[in-house]
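The values are calculated or read from the model by the stated rules, or taken from the named source; none is laboratory data. This one's a predicted model, so the numbers in the text were calculated from it and none came from an experiment. With ideal geometry, Cβ positions are generated from the backbone for all residues, glycine too; neighbour counts draw on all protein chains shown.
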C-alpha cells in the first residue's frame with residue numbers, strides 16, 4: 001500500500017511538474033520592438049500573396065502602370081473612418097479598406113480602474129487586418145490601393161439599426177473592387193461583401209484572399225494561442241512552433257482565425273466553402289489567410305463574395321449564439337465534456353450571485369457532492385489501513401531481512417481484515433480528470449479575466465498577491481507579494497497529509513510530507529481562481545475525511 005501511495009504521489013507530482021514545465025517554464029518572448037514589428041508586418045502583407053502567386057494571366061500583365069499606381073497610392077493620404085457600436089469602436093483606413101484599430105467597450109487592458117479599453121489590433125500593425133488580395137496578383141495596384149468612400153463624415157455611430165460603409169477602388173485597366181462593411185448594433189458580427197467588376201478587355205482568373213494577422217504572443221499555457229480554423233468540421237489549432245512543419249490546411253472551411261488566451265479574430269465565409277487556410281510566420285508576425293476557390297471573370301462580368309468578421313471575447317455563451325460553429329473555438333481539449341458543463345454551471349451561479357469567487361466555491365462544493373461516494377470510499381479504506389498500522393509495523397520489523405516473506409504476510413493481513421490496499425488510491429485517481437478539466441476551464445474562462453473576489457483579490461485570472469514588495473522573489477512571477485491563498489492551500493494539504501495513514505518506510509513518509517511544500521511552490525504562480533478551487537476542495541476533503549474517520553472508528 002505504501003508503495004502504491006508513493007507512486008501515486010510521485011505520479012501526481014510529475015503531472016503537475018509537467019504542467020509547470022509546459023506552461024510556465026522556459027518562456028522566451030518573441031515580440032520585438034514596435035518598429036521591427038511594423039517593418040516585418042508590412043513586408044508580410046506585401047509579400048505573402050506574391051510568394052504563393054498563381055501564374056499571371058497573359059492579358060492582364062503588369063506594366064509601367066504598376067509603379068505609377070503605387071506612387072499615386074503613396075502620395076494619396078488615406079482617411080481613417082471611425083465606426084462606433086455598443087460593443088466596439090473600429091477604425092478603418094481607406095488604404096486597403098482594412099481595420100487599423102478595434103477597441104472592445106466591455107473589456108479593459110488591465111485590471112486598473114483607469115485602464116483603457118482592450119485594443120485587439122496592436123498599433124504596430126500599421127496596415128491593419130482583414131486585408132484583401134488576389135493570390136495570382138492578376139489585378140495591378142490592389143496591394144497599395146487607396147479606396148474611396150461613400151460618405152464625407154469620418155465618424156459613423158451605429159445604435160438602433162444596421163449601417164453600412166462602402167469602400168470602392170478602380171485600377172487603370174477598369175477593374176473595380178468594392179468592400180462593403182455592415183455593422184449591427186446588436187451583434188459582434190460584421191458583414192463583409194466584396195464585389196469584383198471586370199471592365200477590362202481581358203479575363204481574370206484568380207483566387208480571392210482575405211487575411212488576418214497578429215504579432216506572435218508568448219504561450220503562457222493558459223490555453224491555446226495561435227491560428228485556428230474549423231475545416232471539414234474539425235477544429236485545427238496550430239501552435240506557433242508547428243507552423244513551419246505544416247503551413248496549409250485544405251478542405252471545407254467554416255471559419256479561420258487567430259486566437260489568444262481570451263480573444264478571437266475570425267473570418268467566416270457566408271457558407272461553408274472549399275478552400276484553404278494558409279499560414280505564414282515571419283519572425284514575430286503570424287498571418288492567417290483564407291484562400292477561396294479559383295474563379296474566372298470574363299470582360300464585363302462581376303462576382304460577389306460574402307463573409308462575416310468577428311473580433312471579440314471567447315465567451316462560450318456569446319460564441320454559441322453567433323452560430324457558424326464559432327463556439328468550437330473555445331476548446332478545452334480532452335476535457336471538454338467536463339469543462340464546458342462546469343463553465344456553464346459557474347455562469348449560472350454568477351447570474352444569481354454576481355461574484356465569480358463565490359461561484360467557484362459553489363461549483364467546487366457541487367463537484368464534491370457528486371464525487372462524495374468516491375471520496376468516502378477512499379477515506380474509509382485509509383481509515384481501515386490506519387487501524388492496521390501497528391500490525392503492519394510489527395510484520396515489517398519481523399521480516400525486515402526478507403522482503404518476499406514480508407509482502408506475503410502483509411497480503412495475508414489484508415485478506416484477514418478484508419482491506420483493499422488500493423482502495424484509498426483508485427478513487428483519488430478517478431478525480432484527477434476533474435481537476436485538469438477545471439484547471440483548463442478556470443484558466444481559459446474570460447469571465448474570470450479581471451473578475452474581483454474579496455479584499456485584495458481583484459483578478460481571479462491572476463495570481464493572488466497581498467502587497468507589492470517591489471523586488472524580485474525566487475520562483476515567483478511579478479507582482480511580488482504574499483501569496484496568501486497559496487500558503488493557506490499548502491497548509492490544508494499538509495493537514496490532510498497528516499490525517500492520512502503514514503507509510504511504514506521513514507523515507508517514504510518524508511517524501512509524502514514534502515508533497516504539500518512542492519505543490520505550494522508550483523501553485524505560487526497559478527491564477528487565484530484555480531488556487532481558490534483547490535483550497536476549497538482541500539477544506540471539503542478534510543471535513544469529509546474527518547467525518548468518515550469518526551464514523552468508522
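Counting only residues that are touching a residue at least 24 places away in the same chain (Cβ under 8 Å), surrounded by fewer than 19 Cβ atoms within 10 Å (Cβ to Cβ) and outside any loop (DSSP other than H, G, I, E, B), how many does region 323-334 have?
2
Which one of the conditions (1) part of a strand (DSSP E or B); (2) buried (at least 20 other Cβ atoms within 10 Å of the Cβ) does residue 250 fail to meet, given that it meets all the rest?
The number of the failed condition is (2).
Do we find that residue 315 is under 30 Å from residue 212 (Cβ atoms), touching a residue at least 12 places away in the same chain (Cβ under 8 Å) and either out of contact with any helix residue (DSSP H, G or I) (no Cβ under 8 Å at 6 or more places or on another chain) or surrounded by 13 or more Cβ atoms within 10 Å (Cβ to Cβ) (or both) in this structure? Please lay out each step first, then the result.
On the way: under 30 Å from residue 212 (Cβ atoms): yes; touching a residue at least 12 places away in the same chain (Cβ under 8 Å): yes; either out of contact with any helix residue (DSSP H, G or I) (no Cβ under 8 Å at 6 or more places or on another chain) or surrounded by 13 or more Cβ atoms within 10 Å (Cβ to Cβ) (or both): yes.
Answer is yes for this residue.
When you scan region 286-308, do you find a residue that is surrounded by fewer than 19 Cβ atoms within 10 Å (Cβ to Cβ) and under 27 Å from residue 443 (Cβ atoms), even just one?
There is no residue in region 286-308 that is surrounded by fewer than 19 Cβ atoms within 10 Å (Cβ to Cβ) and under 27 Å from residue 443 (Cβ atoms).
Given the criterion within 19 Å of the chain's Cα centre (by Cα) and either under 20 Å from residue 314 (Cβ atoms) or not assigned by TED's automatic domain parsing to the domain that holds residue 102 (or both), identify the matching residue among 242, 234.
Only one candidate passes the filter, namely 234.
For residue 272, all conditions in the list (1) outside the structural domain of residue 460 (by TED's automatic domain parsing); (2) closer than 23 Å to residue 187 by Cα; (3) in contact (Cβ under 8 Å) with a residue 40 or more places away in the chain hold save one; what is the number of the exception?
Every condition holds for residue 272 apart from (3).
Can you tell me which residue within region 264-291, out of those that are over 17 Å from residue 125 (Cβ atoms) and not in a strand (DSSP E or B), is modelled with the lowest pLDDT?
272
Residue by residue, here is whether (1) under 35 Å from the mean Cα position of the chain (by Cα); (2) assigned to a helix (DSSP H, G or I) holds:
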residue: 473; (1), (2): yes, no
residue: 476; (1), (2): yes, no
residue: 489; (1), (2): yes, yes
residue: 492; (1), (2): yes, yes
residue: 522; (1), (2): yes, yes
residue: 530; (1), (2): yes, yes
residue: 533; (1), (2): yes, yes
residue: 550; (1), (2): no, yes
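Taking strands (runs of 3 or more DSSP E) that fall entirely within region 92-201, which contain at least 1 residues that are crowded, with 20+ Cβ neighbours inside 10 Å?
Fully inside region 92-201 and qualifying: 98-108, 117-119, 131-134, 163-170, 175-183, 190-198.
Test of understanding: among 453, 435, 469, which residue is in the same structural domain as residue 519 (by TED's automatic domain parsing) and exposed (fewer than 14 other Cβ atoms within 10 Å of the Cβ)?
None of the others qualify; the one that does is 469.
Please pick out the residue among 529, 543, 490 that is under 29 Å from residue 383 (Cα atoms), modelled with pLDDT of 90 or more and touching a helix residue (DSSP H, G or I) at 6+ places or on another chain (Cβ under 9 Å).
Just one listed residue meets the conditions, 490.
For the structure I just gave you, tell me whether residue 260 is over 22 Å from residue 194 (Cα atoms), over 14 Å from the mean Cα position of the chain (by Cα) and surrounded by fewer than 21 Cβ atoms within 10 Å (Cβ to Cβ).
It is false that residue 260 is over 22 Å from residue 194 (Cα atoms), over 14 Å from the mean Cα position of the chain (by Cα) and surrounded by fewer than 21 Cβ atoms within 10 Å (Cβ to Cβ).
Could you please let me know if residue 395 is in the same structural domain as residue 540 (by TED's automatic domain parsing) and buried (at least 18 other Cβ atoms within 10 Å of the Cβ)?
Yes, satisfied.
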